[in-house]
Amino acid sequence: MSEAIAAPRPTPIPRAASVLKWAAIAWFAVATAGQMAFVYFIAVFYLPPTLQGQFEAWNRRDLITGYVPGDHAGNLQFAAHVLLGGLITAAGIVQFIPQIRTYAPALHRWTGRLYIVTAFLTAAGGLWLVWGRGTYLTLFGAVSVSILAGLILLSAAMTLRHAMARRIALHRRWALRLFLVVSGVWFQRVGYMAWIILNQGPVGIGPRMDGPFDIVWGFGIFVLPLATLELYFLARDRGGPMAKSVMAGVLVLLTGVMAVGIAGTVLLMWRPFL
Ligand code: HEM
């Protein structure tokens, strides 16, 4: 009997699984493009004046509490937070490119360490800005972004713990959760712009970010991405063809809405300041 007949054929990936995989890849590709735009915005708008000590330039944007003359601790904390925010978003992009994980594992480990340390610092610094400096408009907003910070700290700790114990499958799951919660403030901006564009106006948005949409989306920035990820894990690992196809459809829909939000964020929120 020839070897060709004896050798087992590679099992083809079932169509629904393949569609789900490609829907997830498309989601990541669009999210990555949007996050690169966020890094670019931070690098152009915040980096040069911050390094030159011209903190007053931050206030060209309508911030809650940007540069405050005489508030040295608060200004320095804001500077550190914004620059760490740019760094962690850039590191996240590198960290989730599978080719880097496969072909440059040492780089993956180093950007991973950087990512986790930066996650702790950015979340802790953000908490200080909210509760120490008092940068918030509503208590709902302060509480929801603090829950986001708590989720970042928890996910960073779990990602690190499983990596150190070499539990790679669990490490990957927590790394994805960490990526999504670190991206929470980016989802916030993209979600606002998608909502405003799709509704053709600021429906449910209050003058002090105190409208129904502000309250719901304050929590939605972590509930929606994390719930979608858990449903994706379920569909991918245990779902039949129907569940996989429905999940792929949900991801395609979310990718479309996200693309609208990214376009709005880039063109209407950031470009006027660049
Ligand atoms: C880890 C991911 C985070 C990134 C990438 C990030 C990024 C940024 C950026 C770029 C700004 C400047 C504002 C702008 O131009 O839009 C900012 C401001 C701020 N961030 Fe974060 N941030 C993160 C997490 C957090 C967390 C978890 C909190 C709260 C616990 C927080 C609280 C704040 C506050 C209070 C401001 C000042 C807003 C203002 O004065 O208007 N951030 N952040």
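Observations, loosely collected:
- Förster radius 22 Å - calculated FRET efficiency between Ala73 and Leu139 (Cβ-Cβ, nearest 0.05): 0.40
- Globularity index of the range 131-222, i.e. its alpha-carbon radius of gyration over 2.2 N^0.38 Å: 1.30
- Net dipole in debye of the chain [+1 Lys, Arg Cβ; -1 Asp, Glu Cβ; about Cα centre; nearest 20]: 920 debye
- Dipole of the chain, positive end: most advanced residue of Leu47, Val223, Ile64 [Cβ charges, Cα centre]: Val223
- Relative pair counts by distance (%), Cα atoms of the chain, 5 Å bins: 1, 5, 11, 15, 17, 17, 13, 8, 5, 3, 2, 1, 1, 1, 0, 0, 0, 0
- Largest mean-square fluctuation among Phe140, Phe187, Phe38, in a Gaussian network model of the chain whose springs join Cα atoms under 10 Å apart, belongs to Phe140.
- For the chain, the longest principal axis of the Cα atoms and the long axis of helix 15-41 meet at an angle of about 20 degrees.
- Across every direction, the projection of the convex hull enclosing the Cα atoms of the range 79-137 has a mean area of 4.3 nm².
- Placing pseudo-labels 7 Å out from each Cα toward the beta carbon at Leu154 and Met36 gives an inter-label distance of 3.3 nm.
- Crossing angle, helix 72-95 versus the chain [Cα axis fit, 0-90 degrees, rounded to tens]: 20 degrees
- The ranking of Asp71, Asp214 by Cβ neighbour count inside 10 Å, starting from the fewest, reads Asp71, Asp214.
- Charge dipole of the chain about the Cα centre (unit charges at C-beta), most positive-ward option of Leu151, Gly112, His162: His162
- Computed over the alpha-carbon atoms, the range 52-186 gives an Rg to Rh ratio of 1.03, Rh here being the Kirkwood radius from the mean inverse distance.
- Alpha-carbon centroids, the range 120-194 and the range 56-75: separation in whole Å: 23 Å
- Highest GNM mean-square fluctuation among Thr65, Thr135, Thr102, for the chain modelled with Cα contacts below 10 Å: Thr102.
- 0 to 90° range, to nearest 10: angle between helix 105-127 axis and the chain longest Cα axis: 40 degrees
- Each Lys and Arg Cβ is given +1 and each Asp and Glu Cβ -1; about its Cα centre, the range 76-215 then shows a dipole of about 700 debye.
- Residue with peak Gaussian network fluctuation, the chain [Cα springs, cutoff 10 Å], from Ala169, Ala16, Ala57: Ala169
- Loop-resident sites, the range 46-149, for trypsin sites (Lys or Arg not before Pro), counting at most 15 other Cβ within 10 Å (DSSP): Arg61
- When shorter helices are ignored and each DSSP H run of at least 4 residues is given -39500 (n - 2.57), the per-residue value for the chain at 222 nm works out to -24500 deg cm²/dmol.
The numbers here are math on the coordinates, done by the rules we state, and not lab data. Bear in mind the structure is a predicted one, so any value in this text is a computation, not a measurement. In this analysis, Cβ positions are derived from the backbone assuming ideal geometry, glycine residues included, and neighbour counts consider all displayed protein chains.
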